[in-house]
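As C-alpha cells, the structure follows; a few thoughts come after it.
The values are calculated or read from the model by the stated rules, or taken from the named source; none is laboratory data. What you see is a predicted model, and the numbers here were worked out from it, not measured in a lab. For neighbour counting, all protein chains shown are included, and Cβ atoms are generated from backbone atoms with ideal geometry for every residue, glycine included.
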C-alpha cells in the first residue's frame, strides 16, 4: 500500500487572496477506490482546495500530482480532460435540454457532420443503465428529481473524466431515500476503482460512506485519518478546534437571573423541511447561545424567529402577547433585531453612508411618514460611532469602505438604535479582526447587563460559553439539547453535537 | 311611429331585393391588414359599401397586421371557391406561393393600396394611389395660388426614409420646379404625427423671423398639418391667411380646419380602392377583359370651395 | 443653504452640459435666448424647450424613483397612449374636466399598480414585467379610441392643460415643475428617499432591517404610472386629440436616457430627481437645437446620438477618475479620504 502511487496528491498547496491565506501548506492524498471526505466549517478552505485541484484557481505554491505526474490544469475543462470531474450541489447541467443532450453536450456523436440523435440516445441509455437508471433519455432533464439529476451529472462527469470524482455537497437537498440511492452509485464507482472526494456537512453520511477523512480549519490541514476507529467526538473537536482535554471552565456566562421575567416564549415553532418544531424561552437580560455544525439549523432558527422564513406551525409570545412574526417588518415592530451572518448581502447597504445605515432600522420601524430629522440621524450616528468605536473617516462615509469589524459594529448600531427587546446575532464575530472581536464580546455582555435579551449563534464555542447563560445545541435541523449552568462548557457542547442521532436527548 | 313602421317595411323590402340580387352575384374575399389607422378603417367601410352597392357578397377577414393571417385567409377564400380576392398586403414580400395557389384555382387577385414584390402574372391588377402625383397636385395648387408672388415654403416631411415621404417630397418639388418665386426654405421630419408636426412648426416659426418669413406650409399628411395649424395659431399668426396650409390625405379633421379658414387645400388619398377594383373584376369576369397591371386612383384636390363641412360629415361616417 | 450648495455642486456636470448645449443652440440660432411677451404669454425657443420637454420631464420623475429601486419602467410611453385615449374619450362623452382628469389619473395609477404587482408580488424582473404593458398598452389605447385620432377641438378647458398659459408660462411647464417640487418634497421631507435608496442598493438587507420593500415598490411603480398619466393628458391636450399610435412613442427610452444623463445609476440606489429633470431639459435642448439648425432630417438621430454619447462619456466613471487624477495635486484631502478604508 505504501509503495502504491496515490491517484491524486496535493503537496504543500497554498493560496491566498489579497494577502489573506485561504490555504496554507496543505497536503492531501486520494487513493484509487476510496471515498475521501473533506471536512471543515465555513472558510476552512475546502472549496479553495477543490478549486485549486480543478484549476478554477491557480495555486500560489505547492504541487498537484495525478498518478504521480505533476499537473497544471488551466481551467475546469482542462482538469476534466485530465480525468478530474466535479459535481456540485446545484446541478450544473442545462435543465431544458434532454438527458441525452446533457450527457453528451459538447461531444455529441456525429454522423455526416450532423448530430446523430439516435446514437446519442442509445449511448445514453446504455450509460445510465450502468447506474441502475432506466429512464426516458429524450425527456428534458428538468422533468426528473434532483437525485436523478445528480446521478446524471455524475454519469457525465465519470464518463468524461473517469479517474477522480469530486462531489461538492451532493446530498444537501436530497431526502433519506435519495441519499441512499446516490450512495449506492458512489459505492459502485468506488468498487470500479475511482477516487472520490466527498464534501458534506452531514456527519452521519460521512461515517456511512467515507473511508478516509481530511479536516481543514482556517486554511490549514488539521488531520487526515481513516474513518475506521475514529470517534465522532474527535472529529467534531477537530473541526471546531476544541479538545476535550482542554477542560475549559464554564460559568463566566451571565447566569440566568431566576427572577427575570420571560420576554420571549416560543412553542413548537418550525417549518417542514427547514427546521423541526422547537420551544424557546428567553428571559430579560439573558444570553442564549446556539451551537451546532454548519447546516444543523442554527441560522434557520434565527430566520424563523425573525420572520424571514415563515413558520408553518407554532406560537410566539412577546412579553405575554401573542405575536405574529410573518415578516421581518413585523418582527422589527415586535422589538426584535437581527444581525445576519452574511453581512455583505444581508446586512449592510453598501452605497449608503454609515449614518444612513445606522438610522435605517429605526426609520423603517417609525414608518416613512415620520422621518428622523437630519440632526437626529447625525446625533444617532455620532453617538454610536463613539460608543462602539466605529473606525470611519466620518458618518458620511459609504459603509462599504469600512472593514468587516466596523461594518459589524454599524449593523449592531443599527439595531441598538431601535432599542430592541430581543436581539439575534448570527456569527457576530466571524471574519473580524482580534481587536474588534473582543469589543463585540464585551458589548454583548454589556447589553445583557442592561437588560436586553439576546440569542447568539456562534461557531466559536469558547465565546459562547463565555457569555451564554444557556446553550441550545442543534443537529440535523433539530434542537437536540439545552445545556444549563454547569453543562455550559465546550466539552458539553462538543458532546451534545457529537452524540449520534439516536441517543441525542431532544430538548 | 308610422314612419318607423314604414322604415321597417322599406328595410325588409330592401333586404329581399338584396338577397335576390346576391343569389347570382359574385362572391369576393377581402383580406384587410387591420385597423391601425382611421384611413384603414375608412377603406374597410367603403369597400363594404361598394360591395353592397353592386350586390357583391363580400367575405371580410381582418389580419391584425400579420402576413400569416392574410395567407390563411386567402387559402380559406380559395377553399370556399370565391370568384375573386382583394388583398391589402401588409408587407411586400412572401406572397408568391399563396398567389400561385389562387392562380391554379383560377381566382383573380386584386391588390389594394400597396404593391408587392412578385411576378406580375400572379395577380390581376393593383389599385393604388400615385404618391408622387399626390405631391405634384399639392405643388400645382400652390403654384397657381401664389401666382408670381415670392413664396417661402416650409415642408413637414413624413417619417424619414419612408416611401410616402420620399415620393410626396419628389412630386411637390417637380411641381414647383421652374417657378423661382417659390422656395422651400426649411424641411424637417414630423414623423407623420400631430405632436411632432406641432413641435417642428414651432421651431420653423422661431427660425424664420417669427413666421413672417413663411408664406406657406406643405405637410406630407393632414395630421402634421393639424398640429402645425395649432402652432401657427399659438404664435399669434393666422393659419390659412398669414401662412397657407396645403397637405395630403384628406382626413376629416383637415376639413374642419378648412371650414374655419385655417387650411387651404388637401389632396385626397381615397379610401375607395375597392370601387375601381370591383369595376375591373366585373369587366374581367364578364367580358374577359384584362385590365392594366396598375390602376391609379384619383388624387382629388379639395379646397374651401368644396363645402368642407359636408365632406367632413361624410368622411366622419366612414370610421376615420 | 449649505446642503443646497452641496446639491448644486453634485449637479454641476449636468448643469454644465445643459449650459454648453444651450450655448451651442444660441450659436446655431442667434435668437435662441430671445424671450418676449406675446398675447399674454412668454414666447421664444427657451420657452419651447421647457414646454416641449414636459412629457419626458414628467416621465423622468417617475422613472427616477423606479430606477432608484434597481427597476425600470418600459411601459410609460404606452401608459401615455392609454391615458391620453381615456382623457379624450371621457371629455368627448361630456364628462366635466375634473371627472375627466380624475378618471384618467386613476387609470394611470392602476397601470402603475399593475406593474408594481408584477414586480413586488410575483418577483418578475422589472424589464419583463413592464414590457408586458409596453406591448399591450397601444392596443388597449386603440380599443379606447376605436382606431382613430379622437379629437376634442371644442373642449377649451382640457385643451388649456396642454397649450394654455398661466402667469405667462405654458401650462405643461407649470405642471411638471409643480409635480417635481411636490415629488422632491415628498421623498426628501419624509423618509421615502432613504428607504427607496436602501432597497435599490440592497433589497434583501433592507427587508431584513424591517423596510417594507414590497409596499415601496408598489408605490414607486404607481408613481411612475401617475406621472405617465399626467404626461399623457398633456400630450393629448397639446394636439387636441388622442393619437393611440403615436402618443408617447419611444418616450420611455428618452425618459431612461434623461435619468441616466442626470447622473443616476441604472444599478439603483442614490438618486436625484433634479438631475433627471436637467437630463430631460438637455434632451429637449438637443431636439430643439436640431430643429432650429435646419440640417436635413436624415441627420437628426445621428446628431442626437453623438451628443448624448459625448455627455455619457464625460460622465463615465473612467473619465471621472481620470479627471480626479489630473487634479490630484490640488486636492490632497480627496486622496486621504479614499485612503481610509
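Checked against (1) part of a helix (DSSP H, G or I); (2) within 14 Å of chain A (Cβ to nearest Cβ), residue C:265 passes all but a single condition, namely (1). Test residue A:366 against the stated conditions and say whether it is more than 8 Å from every other protein chain (Cβ to nearest Cβ), within 21 Å of residue C:185 (Cβ to Cβ) and without any contact (Cβ under 8 Å) to a residue 12 or more places away in the chain. No, not satisfied. Regarding residue C:231, is this residue more than 9 Å from chain A (Cβ to nearest Cβ), surrounded by fewer than 24 Cβ atoms within 10 Å (Cβ to Cβ), touching a residue at least 12 places away in the same chain (Cβ under 8 Å) and under 21 Å from the mean Cα position of the chain (by Cα)? In short, no.
If you go through region A:336-352, how many residues are more than 7 Å from chain C (Cβ to nearest Cβ) and closer than 16 Å to residue C:203 by Cα? Going through region A:336-352 one residue at a time, the tally reaches 4. Just checking, does region C:75-82 include any residue being within 14 Å of chain B (Cβ to nearest Cβ), closer than 26 Å to residue C:193 by Cβ and not in a helix (DSSP H, G or I)? So far as region C:75-82 goes, no, none of its residues is within 14 Å of chain B (Cβ to nearest Cβ), closer than 26 Å to residue C:193 by Cβ and not in a helix (DSSP H, G or I). Determine if region A:375-395 includes at least one residue that is assigned to a helix (DSSP H, G or I) and facing chain C (nearest Cβ under 8 Å). No: region A:375-395 contains no residue that is assigned to a helix (DSSP H, G or I) and facing chain C (nearest Cβ under 8 Å). Go through the residues of region C:199-207 one by one and say whether even a single one is outside any helix (DSSP H, G or I) and under 23 Å from residue C:125 (Cα atoms). Looking through region C:199-207, at least one residue is outside any helix (DSSP H, G or I) and under 23 Å from residue C:125 (Cα atoms). Return the residue satisfying two criteria in turn: it lies in region A:313-337 and is touching a residue at least 60 places away in the same chain (Cβ under 8 Å) and in a strand (DSSP E or B), and of such residues it is farthest from residue C:214 (Cα to Cα). The residue in question is A:318.
Mind checking whether some residue in region B:214-225 is free of Cβ contacts under 8 Å to residues at least 24 places away in the same chain and within 23 Å of residue C:292 (Cβ to Cβ)? No, region B:214-225 contains no residue that is free of Cβ contacts under 8 Å to residues at least 24 places away in the same chain and within 23 Å of residue C:292 (Cβ to Cβ).
Applying the criterion of at least 1 residues that are closer than 30 Å to residue B:51 by Cβ and not assigned by TED's automatic domain parsing to the domain that holds residue B:158 to the helices (runs of 4 or more DSSP H) found wholly in region B:214-320 leaves B:274-287, B:308-316. Checking each residue in region B:179-213 for being facing chain C (nearest Cβ under 10 Å), in a helix (DSSP H, G or I) and on the phi > 0 side of the Ramachandran plot picks out B:209, B:210.
The condition (being closer than 30 Å to residue B:252 by Cβ, away from chain B (no Cβ under 14 Å) and at pLDDT 95 or above) is satisfied by just one residue among C:101, C:133, C:118: C:101. Identify the residue in region A:278-304 that is without any contact (Cβ under 8 Å) to a residue 60 or more places away in the chain and under 21 Å from the mean Cα position of the chain (by Cα) and, among all such residues, is surrounded by the fewest Cβ atoms within 10 Å (Cβ to Cβ). Filtering region A:278-304 for residues that are without any contact (Cβ under 8 Å) to a residue 60 or more places away in the chain and under 21 Å from the mean Cα position of the chain (by Cα), the one surrounded by the fewest Cβ atoms within 10 Å (Cβ to Cβ) comes out as A:303. For region B:286-317, the tally of residues that are farther than 30 Å from residue B:245 by Cβ and touching a strand residue (DSSP E or B) at 6+ places or on another chain (Cβ under 7 Å) stands at 5.
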